[in-house]
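Each remark here refers to the structure printed beneath this line.
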Amino acid sequence: MSKLFGFAGENDFCPRGPIYTKPQEPSLFLSLGHHVDVYYPSCKRSRISAPFVFCGERFEQKKQPSIEVLPDECLFEIFRRLPGGEERSACACVSKRWLSLLSNICRDELCNRKTTALNSESVQQDVEGDGYLSRSLEGKKATDVRLAAIAVGTASRGGLGKLSIRGSSATRGVTNTGLRAIARSCPSLRALSMWNLPAIEDGGLSEIANGCHLLEKLDLSHCSSITDKSLVAIANNCPNLTDLVLESCPRIGNEGLIAVGQRCPNLKSVSIKNCPAIGDQGIAGLVSSATFVLSKVKLQGLNITDVSLAVIGHYGKAVTDLVLTSLPNVSERGFWVMGNGQGLQKLKSLTVTSCLGVTDNGLEAVARGCPNLKQFCLRKSAFLSDNGLVSFAKAAGSLESLQLEECHRITQFGFFGSLLNCGAKLKAVSLVNCFGFKDLNMDMAKPSLCQSLQSLTIRNCPGFGDSSLSLLGKLCPQLQNVELSGLQGVTDAGFLPVLESSEAGLMKVNLSGCANISDKVVSRMTQLHGWTLEVLNLDGCRMITDASLVAIAENCFLLSDLDVSKCAITDSGIQALACSSQLNLQVLSLSGCSTISDCSLPALVKLGQTLLGLNLQHCNAISSSTVDTLVERLWRCDILS
């Protein structure tokens, strides 16, 4: 018995030694059942989880079967027979290999497809305003793997409708493989935006064209490898295309634009910027083919000539918005021919920037040829004079908004002449960075009033002073919105006539940077227009003191936005605002008010009952503990400090 229960040593299979001296003899095995191949001691749990098979003097581990040994073709056949999208999404989470296979299954290759109804809660969370899912990838997140995940994941949740890809990783960026996954799994795609994707070639965009026939909006920016071949494929397969944006795509030329114009009957908007291969032939072919549907055209930084503008003037019968920027080869003749083409009868908005061809004759011709023009914006014009501006105002009888920026040949004579000769519909005038003004006294015997003008913006025009502003107030009695920014020459004497002449009541007043405006203006403003004033900006008016805040607290019950940054106000002024029982400020800016201290804490807390925004930046006398208290107590208010 001692030999039977003795232990041989450490090298035996059982830690306590063999039970039988010759375990290879089958007659000595204990009867443990037909399913047991090996004896396991019951006294201690084995650390080996896999079963072992005893064979002679060796033990062999059984190999577990794995689905990974199947080739891609077999897995593909298995995946296409999955019952629904949820099952496919679950399988896609297993590995990148499975995700890649699932993302390459087209809708028409699926077997046993079942339709699953989304409950109302899921629809509300995942389906956006236009009824389709929207996804956006930026920077390092823009990879083929993420696109494949989007393709598989959105297929069962209403379908992908909008996709935006901006930038990509330098090592794992988006390639044709990622777009192929989107094209095969997302036939409902309607809007595609791709920015800064140099690895995308014609093959990837052609896949989109072949798989996403419902595509309506296409935005390509800085895609240097895409050529006309891609646009031709889009034109042939996506007849619902309505919006096309091309920016800095050097290999896209005339052929692609012509194809889009001929084969996309629903094209409504086109924006082309900095595409050197596009010329007159492409623009002419596009506009002439989409005569009755194209409504918005934006051309910037192109090598086009007067021919393109002539075609737009003749064939742009449906164009309502036209933007022309940095067209160095377009001359005065181009604008003149465009205006006399009589095709822009529906044009409502025209914006021209940095075009040397804008002259007096060309601009007058445009005004005469566009009888329904309502908004005109002219920037960086070196040749438009006072006479040209007055002639344009006379011819544009439907004009409602006039904006002039960096037009240095325009003086006060052209400005007031355009106001006196404009139609009865002009509502807004804006002058920005126009250095041709000089503050001269202009004697006008009983001038006609501009009764329609409601909004006036004069920003950074150093020659615009008291004389011009006083005359303007007398000519425009219906002003409601006034912005006079950065006008160092404007004082109380110039702005008081504007206040006293306004009959409709001022609603928005911006005097930021007018350092010579004092409390007298604010006091008079609150007396005459406190019942209508909603927004008041006094940023940088260093002569404004607590007296202005007292006047505002007493008279401006509708005021919701007040900016007194860098003004000479103190804690007493803030206390005056807080004591007003009818003031309901929503936005208050005190940036740069160095004399406001912690003593204003109770007043700010009281004002915070209605505040949604509070700016305390550069208020050096306010401690961090006070700011922390305000942040804690005014939880509804966004505080900048």
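Points worth noting:
- Computed lengthening from K140 to L640, 0.36 nm per intervening residue step minus Cα-Cα distance: 176.9 nm
- Heavy-atom accessible surface of segment 187-320: percent carbon and sulfur, 1.4 Å: 50 percent
- Spacing of the two label points (7 Å from each Cα toward its C-beta) at S401 and T595, in nm: 4.0 nm
- Pairs spanning more than 18 Å between alpha-carbon atoms, out of K296/K380; K296/K346; K296/K348; K273/K296: K296/K380.
- In Å², nearest 10: area of R524 left accessible to a 1.4 Å probe: 80 Å²
- Maximal additional length on extending the V293-E68 stretch stands at 75.6 nm, based on 0.36 nm per residue less the C-alpha distance.
- Prolate/oblate/rounded label for segment 379-472 (Cα gyration tensor, a/c 1.5): rounded
- Sulfur and carbon atoms: percent of accessible area, segment 473-584 [1.4 Å]: 49 percent
- Per-residue accessible area (protein heavy atoms, 1.4 Å probe) orders W531, W195 as W531, W195, starting from the largest.
- Cβ-Cβ distance of H408 and N266, R₀ of 41 Å, FRET efficiency by 1/(1 + (r/R0)^6): the value works out to about 0.45.
- Accessible surface ranking that places the most exposed of R633, R80, R166 first, with a 1.4 angstrom probe: R633, R166, R80
- With N the number of residues in segment 200-315, Rg(Cα) / (2.2 N^0.38 Å) evaluates to 0.96.
- Across segment 198-340, the relative contact order, built from alpha-carbon pairs under 8 Å that are at least six residues apart, equals 18 percent.
- Sites N584 and Q527 - FRET efficiency at Förster radius 25 Å, r taken between beta-carbons, to 0.05: 0.80
- Accessible heavy-atom area order of H213, H529, highest first, probe of 1.4 Å: H213, H529
- Cross-link pairs exceeding 28 Å between alpha carbons, from the set K425/K566; K162/K427; K438/K508: K425/K566; K162/K427.
- Fully extending the segment from F76 to Q451, taken as 0.36 nm per residue of separation minus the present Cα-Cα distance, adds 127.6 nm.
- Annotation: amide H-H contacts under 5 Å for E483 (H modelled 1.01 Å from N, sequence separation of 5 or more, or interchain): L456, T457, I458, N510.
- Around the amide H of L640, modelled in the peptide plane, lie the amide H atoms of L614, N615, L616, all under 5 Å away and 5 or more residues distant in sequence or on another chain.
- Accessible area in square angstrom per residue, segment 574-641, 1.4 angstrom probe: 52 Å²
- Gyration tensor (alpha-carbon) shape descriptor, segment 421-503, a/c threshold 1.5: rounded
- Accessible area per residue for segment 137-257 is 36 Å², calculated with a 1.4 Å probe on protein heavy atoms, without ligands, DNA or RNA.
- Summary of packing: across the peptides 373-379, 92-98, 575-581, the per-residue average of other C-beta atoms within 10 Å ranks them, highest first, as 373-379, 575-581, 92-98.
The values are calculated or read from the model by the stated rules, or taken from the named source; none is laboratory data. It should be emphasised that the depicted structure is a prediction, and the values quoted were computed from it without experimental measurement. Cβ: placed from backbone, ideal geometry, glycine included. Neighbour counts: every protein chain shown. With ligands, DNA and RNA removed, areas are computed over all heavy atoms of the protein, side chains included. Shrake-Rupley method; radii C 1.70, N 1.55, O 1.52, S 1.80 Å.
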